[in-house]
1. Taking only pairs six or more apart or across chains, which ones have beta-carbon atoms under 8 Å, a first residue in the range 32-50 that is within 20 Å of ASP82 (Cα to Cα) and part of a loop (DSSP other than H, G, I, E, B), and a second residue that is modelled with pLDDT under 80 and among the β-branched types (Val, Ile, Thr)?
2. Pull up the range 109-125, narrow it to residues that are part of a loop (DSSP other than H, G, I, E, B), at pLDDT below 90 and not polar (S, T, N, Q), then point me to the one that is farthest from the chain's Cα centre (by Cα).
3. Is it true that some residue in the range 56-71 is part of a loop (DSSP other than H, G, I, E, B) and modelled with pLDDT of 80 or more?
4. Can you name the residue in the range 148-168 that is modelled with pLDDT under 90 and part of a helix (DSSP H, G or I) and is also farthest from GLY206 (Cα to Cα) among such residues?
5. State which residue is surrounded by the most Cβ atoms within 10 Å (Cβ to Cβ) when the search covers only the range 193-216 and only residues that are touching a residue at least 12 places away in the same chain (Cβ under 8 Å) and in a loop (DSSP other than H, G, I, E, B).
6. Take ALA188 and tell me if it is part of a helix (DSSP H, G or I), in contact with a Phe, Trp or Tyr (Cβ under 6 Å, 6 or more places away or on another chain), over 30 Å from GLU78 (Cβ atoms) and not hydroxyl-bearing (Ser, Thr, Tyr).
7. Using beta carbons and a limit of 8 Å, which pairs, at least six apart or on different chains, have the first residue in the range 118-140 and of a type in the set (Asp, Glu) and the second one surrounded by 17 or more Cβ atoms within 10 Å (Cβ to Cβ)?
8. Which of the following residues is over 18 Å from the mean Cα position of the chain (by Cα), at pLDDT 75 or above and not aliphatic (A, V, I, L, M): PRO99, PRO90?
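The values are calculated or read from the model by the stated rules, or taken from the named source; none is laboratory data. Keep in mind the model is a prediction, meaning the values are calculated, not measured. Glycine gets a Cβ as well: all are built from the backbone with ideal geometry, and neighbour counts include every protein chain shown.
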Amino acid sequence: MCNEVPAPVVILLLLLLIQDASVAYHHDSVKLIKFADDTTLIGLISNNDESAYRREVDRLVSWCSGNNLELNAQKTVEMIVDFRKSTVPPPPPSVMDSPITSVESFRFLGTTITQDLKWEPTISSLIKKAQQRMYFLRQLRKAKLPAQMLVQFYTAIIESILTSSITVWFAGATVRDKQRLQRIVRSAEEVIGRSLPSLQDLHQTGRQSSAARMFDPVGISPMSADWFWTCGACVNIPAEDDPVL
């Protein structure tokens, strides 16, 4: 964890398909994340110097232009994570001479990320989906399905929702939000008549599994582990026992 006030982080979400490895970041303070048709550019701003970040944005725009890809500025957004007390937001960069919209939150791979790094929007969405699926669990119980089949249904249909990206948001969730999630688990236990893994246990299991994959020298590139710790430093992600932001 950082004892200093974390530097601001800018996140640029681009909607395009990139399958060419030739597009990559060229500065240590900027990271390019590609997944399917989503491309995200993350920049760490130090001493109010955002030149490296803006150069990477311009380089990406030029790369797309040179490879017959056109960026849609209307679907490109920028979010700034900055916990300093006195801040003046920098002007957003432009794409194809169109200014990029600055937002307070956006969805990334199904998870809502907000400027204050609080997870209530994501958790509320997960709870709503899980509650809708609880109806089917009760119907199966009425149909007198065996408890083992009910457990399998819960694991596949409800628990998978509750644990979506749990290694990202659980440590930063408030006590109230964790209790809201755990109530879904207790309701399922009452319907099934069996004990089920708590979200705390599932988070611990998921974290250990993620750590094992991260430091696997065969399946993960050396950059991945380094970037994990870089994120933890620059964004100041709270540890499990730290006070919630």
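1. Pairs found: ILE45/VAL9; ILE45/VAL10; GLU50/VAL10.
2. Filtering first and then ranking leaves ASP116.
3. Of all residues in the range 56-71, those part of a loop (DSSP other than H, G, I, E, B) come to 67-71.
Within this subset, residues satisfying the condition of being modelled with pLDDT of 80 or more are none.
For the range 56-71, residues part of a loop (DSSP other than H, G, I, E, B) and modelled with pLDDT of 80 or more: absent.
4. Out of the qualifying residues, it is VAL168.
5. LEU196
6. Answer is yes for this residue.
7. GLU120/ASP177
8. Details: PRO90 fails: at pLDDT 75 or above.
Of the residues listed, the single one that is over 18 Å from the mean Cα position of the chain (by Cα), at pLDDT 75 or above and not aliphatic (A, V, I, L, M) is PRO99.
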